[in-house]
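Engineer: Take a look at the following structure, please.
Only the coordinates and a few stated rules stand behind these numbers; no lab work does. Because the structure is predicted, anything quoted here is derived from the model rather than measured. Cβ placement follows ideal geometry from the backbone for every residue including glycine, while neighbour counts extend to all protein chains displayed.
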Amino acid sequence: MLNLIIIYKLRILVKNIKNIKGRLVMSKVGNILKMLILLKSRGKMKISELSRELEVDKRQITRYKEALEQAGVYITSIPGRYGGYVVEGKDYLLGLNLTNEEYNALLIAQDQLKQILMRSV
């Protein structure tokens, strides 16, 4: 089952990687999905952590949150020093409860795909 999930996620990642002026950039949809996966796998994350992981500014993270909420995935914003974003309740888009090892495997696969695409350009 995990292999099918990984293959599905890799297909999504490959479709969302675009070559713009020789630089690989993840599309908005890809970043939104990655943000959702990050929040589901890690629990709570600060906006600064998400922006660093997705390589976008903090305002873009807020836009991604709004897009997810429009899709029915509600995210709670916890204020304070130890606050951050947390996915509320159940979301019906993804039933992925990834462990850290599974998430790291997806990141390694994504990096390898980027390297393959860079070689083919």
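Engineer: Roughly speaking, what is the stretch gain from Val86 to Lys44, that is 0.36 nm per residue apart minus the C-alpha to C-alpha distance, in nm to one decimal? Don't skip to the end; give the middle numbers.
Structural biologist: Values: separation 42, 0.36 × 42 = 15.12 nm, distance 0.49 nm.
Here the answer is 14.6 nm.
Engineer: When a footprinting reagent is the concern and you count Cβ atoms within 10 Å, what order do Thr62, Thr99 take, fewest first? Write down the numbers at each step before the final one.
Structural biologist: Values: Thr62 15, Thr99 10.
Ascending Cβ contact count within 10 Å gives the list Thr99, Thr62.
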